[in-house]
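Presented below is the structure to which this report refers.
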Amino acid sequence: NAGVTQTPKFQVLKTGQSMTLQCAQDMNHNSMYWYRQDPGMGLRLIYYSASEGTTDKGEVPNGYNVSRLNKREFSLRLESAAPSQTSVYFCASREQGEQPQHFGDGTRLSIL
Amino acid sequence: QKEVEQNSGPLSVPEGAIASLNCTYSDRGSQSFFWYRQYSGKSPELIMSIYSNGDKEDGRFTAQLNKASQYVSLLIRDSQPSDSATYLCAAGRSGGYQKVTFGTGTKLQVIP
């Protein structure tokens with residue numbers, strides 16, 4: 001069972017480069033999420049998509065854009081990467097209502 | 001003020017003891033509450049979900065919710081060294097507004 005798949009797992013970028021993190025889920029979930037996790041900061045919500053065709057800002061959206069390509073896929077784009085965006089990025093999905101989220105394995109991103 | 005607050009710990013308990021983890025939330029529109037366990041370098045995994053006031057038990061874990069006090073807790077009975085991890089509390093909305101917000105996590109250390 002694939003669940004939530006994130007690609008790539010690791011990436012090193014130089015300051016100013018752009019990159020898209022990919023996320024796909026095969027559970028037919030309506031809602032999808034992007035979080036970043038930094039030491040001592042917990043999981044901070046970047047953007048989320050309550051359903052196909054909608055996206056909303058979370059707690060820390062600056063420097064990021066998202067695309068809900070279809071029901072399965074939700075991508076996160078860094079247009080001009082900055083060292084402050086060095087983090088572990090998690091994608092999650094859940095059925096609408098009150099169901100818990102399912103997480104991908106994460107993307108470890110370093111920006112030099 | 002963060003929407004979900006947790007004591008970062010570390011919380012140290014001896015093997016076999018009860019570990020008590022606490023969480024408060026500020027959004028009164030939150031309707032679903034989750035506890036996740038996260039081992040170092042891994043993605044969060046769901047431990048418990050709770051939606052109504054009172055206690056919910058699952059094996060060695062008991063979640064407690066008090067919506068009037070905006071308080072959620074997790075009790076781990078007969079703590080084992082394998083329970084040593086960071087525990088994340090999350091609060092979520094339902095309906096058309098699917099935001100889920102996490103606390104910074106409490107690190108639990110179970111001492112053999």
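Return yes when residue B:82 is within 14 Å of chain A (Cβ to nearest Cβ), exposed (fewer than 14 other Cβ atoms within 10 Å of the Cβ) and either among the basic types (Lys, Arg) or over 19 Å from residue A:59 (Cβ atoms) (or both) and no when it is not. For residue B:82, the condition - within 14 Å of chain A (Cβ to nearest Cβ), exposed (fewer than 14 other Cβ atoms within 10 Å of the Cβ) and either among the basic types (Lys, Arg) or over 19 Å from residue A:59 (Cβ atoms) (or both) - is not met. Taking the range B:32-105 as the region of interest, the strands (runs of 3 or more DSSP E) fully inside it that hold 1 or more residues being among the basic types (Lys, Arg) and at pLDDT 95 or above are B:32-38, B:54-58. Does residue A:80 satisfy being in a helix (DSSP H, G or I), surrounded by fewer than 14 Cβ atoms within 10 Å (Cβ to Cβ) and touching a Gly at 6+ places or on another chain (Cβ under 9 Å)? No: the conditions fail for residue A:80. Looking across the range A:18-36, the residues that are within 13 Å of chain B (Cβ to nearest Cβ) and part of a strand (DSSP E or B) come down to A:23, A:31, A:32, A:33, A:34, A:35, A:36.
Of the numbered criteria (1) among the charged types (D, E, K, R); (2) farther than 21 Å from residue B:33 by Cα; (3) under 11 Å from the mean Cα position of the chain (by Cα), the one residue A:44 fails is (2). On the given criteria, is residue A:60 of a type in the set (Val, Ile, Thr), within 13 Å of the chain's Cα centre (by Cα), surrounded by 14 or more Cβ atoms within 10 Å (Cβ to Cβ) and outside any loop (DSSP other than H, G, I, E, B)? Taking the combined requirement at face value, the residue does not satisfy it.
Conditions (1) in contact with a strand residue (DSSP E or B) (Cβ under 6 Å, 6 or more places away or on another chain); (2) among the aromatic types (Phe, Trp, Tyr), marked per residue:
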{"position": "A:30", "(1), (2)": "no, no"}
{"position": "A:47", "(1), (2)": "yes, yes"}
{"position": "A:73", "(1), (2)": "yes, no"}
{"position": "A:85", "(1), (2)": "yes, no"}
{"position": "A:101", "(1), (2)": "yes, no"}
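When we screen A:26, A:38 for residues that are surrounded by fewer than 18 Cβ atoms within 10 Å (Cβ to Cβ), in contact (Cβ under 8 Å) with a residue 24 or more places away in the chain and under 26 Å from residue B:107 (Cβ atoms), the only hit is A:38. The residue that is surrounded by the most Cβ atoms within 10 Å (Cβ to Cβ), counting only those in the range B:86-112 that are in contact with a Leu (Cβ under 8 Å, 6 or more places away or on another chain) and more than 14 Å from chain A (Cβ to nearest Cβ), is B:108.
The values are calculated or read from the model by the stated rules, or taken from the named source; none is laboratory data. Everything quoted here is computed from the prediction, not taken from an experiment. Glycine gets a Cβ as well: all are built from the backbone with ideal geometry, and neighbour counts include every protein chain shown.
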